[in-house]
Every structure is written in structure tokens, then in C-alpha cells.
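Enquirer: One structure, as C-alpha cells, below. Some questions next.
The values are calculated or read from the model by the stated rules, or taken from the named source; none is laboratory data. Just so we're clear, the structure is a prediction, and the values are computed from it rather than from any experiment. Cβ: placed from backbone, ideal geometry, glycine included. Neighbour counts: every protein chain shown. Heads up: the accessible areas ignore ligands, DNA and RNA and are worked out on the full protein's heavy atoms, side chains in. Shrake-Rupley method; radii C 1.70, N 1.55, O 1.52, S 1.80 Å.
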Amino acid sequence: MSVVLDILRTYRTPRSVQVRRMTGPRREGALLAMALAACGLIFVAQLPRLARESWLEPAVGLDARLAGAFFGWMVAMPLVLYAIALLVHIALRLVRWPATGHACRAALFWALLASTPAWLLSGIAAGLAPGLPFEAVSLVALVLFLAFLWAGMLAMKQAQVEAA
């Protein structure tokens with residue numbers, strides 16, 4: 001299945017897409033690629049904001065801002081995502097939710113990748129209309145991410161039932 005089509009389907013039926021992705025083969029490389037793709041797209045979403053900030057405040061050049069954002073999103077954030085997935089896995093196991101580490105990573109990384117269209121729109125708003133429009137679009141992106149993550153948590157239960 002195409003990733004782009006899965007992202008579009010996630011906006012209609014997020015849980016069914018997550019269940020199908022979780023019941024497939026367990027490939028850690030695919031999860032890493034998913035996390036890196038999401039981080040790369042969110043890095044690209046930062047470009048309009050960084051260009052605007054460097055134009056308004058030229059003390060820090062655009063190249064320095066881009067290097068910092070690149071390091072943050074492409075090096076540090078994947079590690080942070082793995083740490084968050086570990087914390088989610090531990091929390092879910094404490095409340096006796098049927099979760100594996102792989103399923104937690106899959107739910108978190110897919111939620112981030114599926115919400116990237118909203119993050120890209122948020123980046124455009126940050127560059128063109130900072131302030132209230134940017135904050136509204138960013139809030140929508142955050143809510144979408146959390147909704148997709150919750151759908152992934154529910155998909156863990158359903159995938160466990162189908163696997164049994």
C-alpha cells in the first residue's frame with residue numbers, strides 16, 4: 001500500500017489504517033524510515049518560519065538557523081521519539097494495556113507521519129501569517145497528531161485480538 005494513500009485514509013479511518021499497519025510484518029527499518037520521513041517533512045515545514053526570522057533579525061544568518069533546525073529535527077528528534085515510545089510502552093504496560101514496544105513505536109511514528117500535512121500547513125502559516133493564524137493551524141496539527149496516536153493505541157488492542 002502506498003504511504004501517501006495510507007496518510008489520506010488515516011484522515012478518514014485512522015484506526016483501520018493503524019490496525020492494518022500493525023498486523024503486517026514487523027520491520028524496524030520501516031519504522032525508522034517512517035520517523036525520519038516525518039522529521040524530514042517537519043524540518044521542511046520550518047523553512048518559511050526560519051527564512052522570515054532571519055530576514056527580521058539578521059544577526060543570526062539563515063544558514064545557522066537551518067543547521068540548528070536540521071540537527072534538531074533529523075538527529076535529535078528521532079532519538080527523542082524512540083524515548084517517548086519507550087515511555088508510552090512502559091505507561092501502557094503499567095495500566096495493563098496490551099502493548100508491545102514495536103506497536104508503540106508504530107503508533108507514535110505513524111501518527112507523526114500522518115499529521116505532517118497539517119504541520120506543513122502550519123509551517124506556511126508561520127512564514128506568511130505569524131500570530132493567531134499560525135497558532136490555530138498548529139493547534140489543529142497537534143490535535144490531529146494526538147487523535148492519530150489515540151487511534152494507534154486503540155489499534156493495538158484490536159491487533160492483539162486479531163493476532164490471537
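Enquirer: Could you state the per residue volume, in Å³, of the convex hull enclosing the Cα atoms of the stretch 101-164?
Expert: Expressed per residue, the convex hull around the Cα atoms of the stretch 101-164 is 62 Å³.
Enquirer: Now for a separate question. Pop out the ³J(HN,Hα) list for the stretch 106-123 in order, Karplus 6.51 cos²θ - 1.76 cosθ + 1.60 with θ = phi - 60°, rounded to Hz; leave Gly and Pro as x.
Expert: Once θ is set to phi - 60°, the couplings for the stretch 106-123 become 4, 5, 5, 5, 5, 4, 5, 5, 5, 8, 4, x, 5, 5, 5, 5, 5, x Hz.
Enquirer: What does the net charge come to around GLY127 if you take all other residues with beta carbon closer than 13 Å to its beta carbon, with K and R at +1 and D and E at -1?
Expert: +2
Enquirer: To the nearest Å, what is the center-to-center distance of the stretch 25-61 and the stretch 88-164, using C-alpha atoms only?
Expert: A separation of 17 Å, based on Cα centres.
Enquirer: Per-residue accessible area for MET156 at 1.4 Å probe radius, Å² rounded to 10?
Expert: About 0 Å², ignoring ligands and nucleic acids.
Enquirer: Compute for the stretch 1-129: radius of gyration divided by Kirkwood radius, i.e. Rg/Rh, restricted to C-alpha atoms, rounded to two decimals.
Expert: On the Cα set of the stretch 1-129, Rg over Rh gives 1.05.
Enquirer: Show that you can apply the helix-only estimate: for the chain, add -39,500 (n - 2.57) for every DSSP H stretch of four or more residues, divide by all residues, and state [θ] at 222 nm to the nearest 500.
Expert: -27500 deg cm²/dmol
Enquirer: Now for a separate question. Relative to the first principal axis of the alpha-carbon coordinates of the chain, what is the inclination of helix 3-12, with its axis defined by its Cα atoms, in degrees from 0 to 90 and to the nearest 10?
Expert: For 3-12 against the chain, the angle is about 80 degrees.
Enquirer: Per-residue counts of other Cβ atoms within 10 Å, averaged by peptide: what ranking do you get for 88-95, 24-31, 115-122, highest first?
Expert: Packing proxy ranking, top to bottom: 115-122, 88-95, 24-31.
Enquirer: With the full set of protein chains in place, find how many percent of the accessible area of the stretch 28-164 is carbon and sulfur; take the probe as 1.4 Å.
Expert: The nonpolar share, carbon plus sulfur, comes to 77 percent.
Enquirer: I'd like to check one number: the per residue accessible area of the chain, probe 1.4 Å, reported in Å² as a whole number.
Expert: 55 Å²
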